[in-house]
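The values are calculated or read from the model by the stated rules, or taken from the named source; none is laboratory data. Nothing here was measured: the structure is a model prediction, and the numbers come from that model. As a convention, Cβ positions derive from the backbone with ideal geometry for all residues, glycine included, and neighbour counts pool all protein chains shown. Side chains are part of the model used for accessible areas, which takes the heavy atoms of the whole protein and leaves out ligands, DNA and RNA. Shrake-Rupley method; radii C 1.70, N 1.55, O 1.52, S 1.80 Å.
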Amino acid sequence: MTTTDSGLVITDLHVSVETEAGPKPILKGVDLAIRPGQIHAIMGPNGSGKSTLAYSLAGHPKYTITGGSVALDGLELAGLSPDARAKAGLFLAMQYPVEVPGVSVANFLRTAKTALGGAAPSLRSWVKEVDAALGRLQLDSEFSSRSVNEGFSGGEKKRHEIVQLELLNPKYAILDETDSGLDIDALRIVAEGVNRYAAQGDRGVLLITHYTRILRYIEPDFVHVFVDGRIAEEGGRELADQLEENGYEKYVKAAAAS
Amino acid sequence: MTAFDPVLRKREAAEVNAANPGPAEARTVSHLHPAGSFDVDSHLLPSGREEVWRFTPLDRVEALLKDPPAGVIEITGDGLGPLPTLAIGQTPRGTVLTPTDRAAALASAHTAAAAHVLIPAGQRLEEPLRLSLRAADPEAVVTGHLVIEAGPGSQAVIVLHHTGAARYLGNVEVSVGDEARVTVVSLQDWDHTAVHLGQHEARVGRRGEYRHIAVSLGGDLIRLQNNVSYAGSGGAAQLFGVYFADAGQHIEHRLFVDHNHPKGTSLVDYRGALQGQHARSVWVGDVLIRPEAKGIDTYESNKNLVLSEGCRADAVPNLEIETGEIQGAGHSASTGRFDEEQLFYLRSRGLDEAAARRLVVRGFFAQLVARIGVSDVEEALMAKIDRELDQAERSRPLKGA
Ligand SMILES: Nc1ncnc2c1ncn2[C@@H]1O[C@H](COP(=O)(O)OP(=O)(O)OP(=O)(O)O)[C@@H](O)[C@H]1O
Ligand SMILES: [Mg+2]
């Protein structure tokens, strides 16, 4: 079922970030539509605004939408709180997952599931579900008694984000460099998690990455080149291979010239 | 492992006393800490200019310090008969604690019969020993003095539960024998009108381990002076504190660790949350490392989470080092608001603002509580903190920042 409304639809999005010197425009008119069942990859140079896009979609208070719109299955997200956006079905796997000292993974996951589902999951089946999800990401079940992200290795943090993706099962997932800092095995494990999620068929994925490596495991429907706060080029997975060969130079030059 | 039996106390008293050098032990007076005295009149009524009283709202404590107290607090233990007592001057009473302010001097002088908890040498209490402290008359000023004497090699967890309304001057004196392990949890769970002043003091024997956990939740004003010194080398002290100051509450914890023997360790970690108009906390952490305290290791920390406007948290760490030959010495103090990134992370997982804040505050305390190491005490404490958070949320959603 794909009505014209279905999807995470970003239209002419302008976003500023709060800085000490005042607001600084970062996103300069982003257009992107992620329909249910699609996987979109975004690649772009450091500082081009990829994380800004991710954060502003999720409602981080430092980023202000100054123009354009973001709609999730027809619901305008601008102005909604981060939790309202999560309840609408949005999930962000963060580039730098945050430590929450003293809060166990088990408690965190259960609180999140309860908040999103409206009711606490039954304890017994939930513990099983969590253990199974941890197991699929090859994390030990004792992991659930540790403080959220505290003392996790870089790779463990990223795998923990995918555990959340699987357990919370949102409609649309933004993965901000979830593949960065993973070893070869972890990369495959994380990619399998994303593929399981996407295999449901009606979920949308926005995959922000610097490496074509992960695209060996996850087949994108679209690849976008992100430069200077907007999308500079769109294509299929062959575009990723061209980038691998030639880098971003021609796009960066074109953006600077315009 | 045995249950606590108060009648066992006489048998072992002599042995425990051997570990106590007694009050005659010469002590250099540090500028961090006034010399103690049992003489009430040698402690003048505070004027507010004294360093040790400068943070305390004197109008709220004056009535407790002026006139002689009217009675004593009731101390009862679950399933215990009346506790044995120690008269003024009857050792070991007075061998560890010398009053360092007028409140403590009054508590010492006006508690004719101090409750005595003795854990004989080598005895390990399997269950925490729970003592309840309550005032019969919430208006009268009452005193209390508790002497905990843990013989060499003994182990015990003692929980002091202060409830109800009271105007209380209370001392707790703890002798930790050589290689004994003692945990004292002092839970200030008072009604909102209570005023509680007091001095807790411990001396830790050779390779003894002492833990003191101050939990200050309810009451109008709480001011505890918590002191530790050592009776031999290699003693370990952990002084933990958890407090939650609501509107109008004044919660003051003053610590003094006197490293007077070699190779000792001390770890001070106090954490508080403040919410509401005129919620106030004070933490003063003094650590003295004497010339003879070679090879010691100490760290003290105080962290405050300010949850709303109108609160004030003062933290004053002091480290006085008289020898260069130490393992380590450090301190830190911080007072801050919620971390935006933590809140955003939790909210992006569907938690609304109040739930996210609550989880962060809970975690802030849970981190410390988890280090107590006595699971039913930990659980009971987290339940108390949850209740405190419920109340805070009801009185005013956890907003602010
Ligand atoms: N708080 C801030 N103050 C000033 N500049 C900021 C702030 N936050 C982001 N920026 C700037 O916004 C731009 C975009 O940053 P963003 O993190 O979105 O880039 P990115 O494409 O995710 O980069 P990377 O590939 O390195 O992760 C950068 O130039 C960055 O310095
Ligand atoms: Mg980024």
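Overview of results
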read-out: Selected from B:Leu133, B:Thr95, B:Gln342, residue furthest toward positive end of dipole (chain B; charges at beta carbon); value: B:Gln342
read-out: Percent of beta bridges antiparallel (DSSP, the stretch B:93-228, rounded to nearest 5); value: 0
read-out: Under 5 Å, built H, 5+ apart or other chain: amide partners of B:Gly218; value: B:Asp189, B:Trp190
read-out: When the convex hull of its Cα atoms is projected in every direction, mean area for the protein assembly as shown (nm²); value: 33.1
read-out: Vicinal HN-Hα couplings computed from phi for the stretch B:135-149 (Karplus, 6.51 cos²θ - 1.76 cosθ + 1.60; Hz; Gly/Pro x); value: 9, 5, 10, x, 8, 6, 7, 10, 10, x, 8, 10, 10, 10, 10
read-out: Listed residues B:Thr56, B:Ala236, B:Leu288: farthest to the positive end of the dipole of the stretch B:32-337 (Cβ charges); value: B:Ala236
read-out: Unit Cα scatterers, Debye sum, the stretch B:198-292: log10 I(q)/I(0) for q = 0.13, 0.19, 0.21, 0.24 Å⁻¹; value: -0.46, -0.80, -0.92, -1.10
read-out: Percent of Cα-Cα distances greater than 39 Å, calculated over chain B; value: 13
read-out: The stretch B:361-371 - phi-based ³J(HN,Hα) in whole Hz, Karplus 6.51/-1.76/1.60, Gly and Pro as x; value: 5, 4, x, 4, 7, 4, 4, 7, 4, 5, 8
read-out: Angle in degrees between helix B:9-18 and the longest Cα principal axis of chain B, rounded to the nearest 10; value: 90
read-out: Accessible area that becomes buried as A packs against B, both chains, 1.4 Å probe, Å², nearest 100; value: 2100
read-out: Residue-level accessible surface for B:Ile289, protein heavy atoms, 1.4 Å, Å²; value: 0
read-out: Residue of A:Ser122, A:Ser147, A:Ser56 that the Gaussian network model of chain A assigns the largest fluctuation, springs spanning Cα pairs under 10 Å; value: A:Ser122
read-out: Net dipole in debye of the protein assembly as shown [+1 Lys, Arg Cβ; -1 Asp, Glu Cβ; about Cα centre; nearest 20]; value: 380
read-out: Computed [θ] at 222 nm, deg cm²/dmol, the protein assembly as shown (DSSP H ≥ 4; -39,500 (n - 2.57); rounded to nearest 500); value: -7500 deg cm²/dmol
read-out: Partners for A:Lys128 among lysines (Cα-Cα distance below 22 Å; same-chain residues under 8 apart left out); value: A:Lys113, A:Lys157, A:Lys158
read-out: Heavy-atom accessible area ranking, 1.4 Å probe, most first, across B:Arg207, B:Arg358, B:Arg254; value: B:Arg207, B:Arg358, B:Arg254
read-out: Cubic angstrom per residue, convex hull over Cα atoms of the stretch B:157-207; value: 57
read-out: Chain-alone versus full-assembly comparison, the stretch B:337-354, residues with accessible loss of at least 10 Å² (1.4 Å probe); value: B:Glu340, B:Glu341, B:Gln342, B:Phe344, B:Tyr345, B:Leu346, B:Arg347, B:Ser348, B:Arg349, B:Gly350, B:Leu351, B:Asp352
read-out: Cα radius of gyration and Dmax for chain A (Å); value: 18.1, 60
read-out: Accessible-area ranking of B:His212, B:His110, largest first, probe 1.4 Å; value: B:His110, B:His212
read-out: Å² of accessible area per residue within the stretch B:32-337, as computed with a 1.4 Å probe and no ligands counted; value: 33
read-out: Cleavage-rule hits, GluC sites (Glu not before Pro), the stretch B:282-385, DSSP coil, Cβ neighbours within 10 Å at most 15; value: B:Glu292, B:Glu309, B:Glu322, B:Glu325
read-out: Gained length - A:Glu219 relative to A:Thr11, 0.36 nm times residue gap less alpha-carbon distance; value: 72.4 nm
read-out: Cα-projected label distance for A:Glu142 with A:Glu129, points at 7 Å along beta-carbon direction, nm; value: 2.6
read-out: Check: the stretch A:36-194 dipole with +1 on Lys, Arg Cβ and -1 on Asp, Glu Cβ, in debye; value: 380
read-out: Of all accessible heavy-atom area on chain A, the percent that carbon and sulfur account for (1.4 Å); value: 50
read-out: Distant-in-sequence amide H partners of B:Gln155 (H built 1.01 Å from N, under 5 Å); value: B:Gln123, B:Arg124, B:Leu125, B:Arg181
read-out: Of B:Val242, B:Val284, B:Val316, the one that fluctuates the most in a GNM where chain B has Cα springs shorter than 10 Å; value: B:Val316
read-out: Mean-position separation - Cα centroids, the stretch A:26-86 and the stretch B:92-145, in angstrom; value: 62
read-out: Overall Cα dimensions of the stretch B:338-401, principal axis frame, Å, largest first; value: 34, 25, 19
read-out: For the stretch B:265-353, Kirkwood radius (reciprocal of mean inverse C-alpha pair distance, Å); value: 15.2
read-out: Residue with peak Gaussian network fluctuation, chain A [Cα springs, cutoff 10 Å], from A:Gly29, A:Gly135, A:Gly118; value: A:Gly118
read-out: Rounded to the nearest 10 Å², the accessible area of B:Ile73 at probe 1.4 Å; value: 20
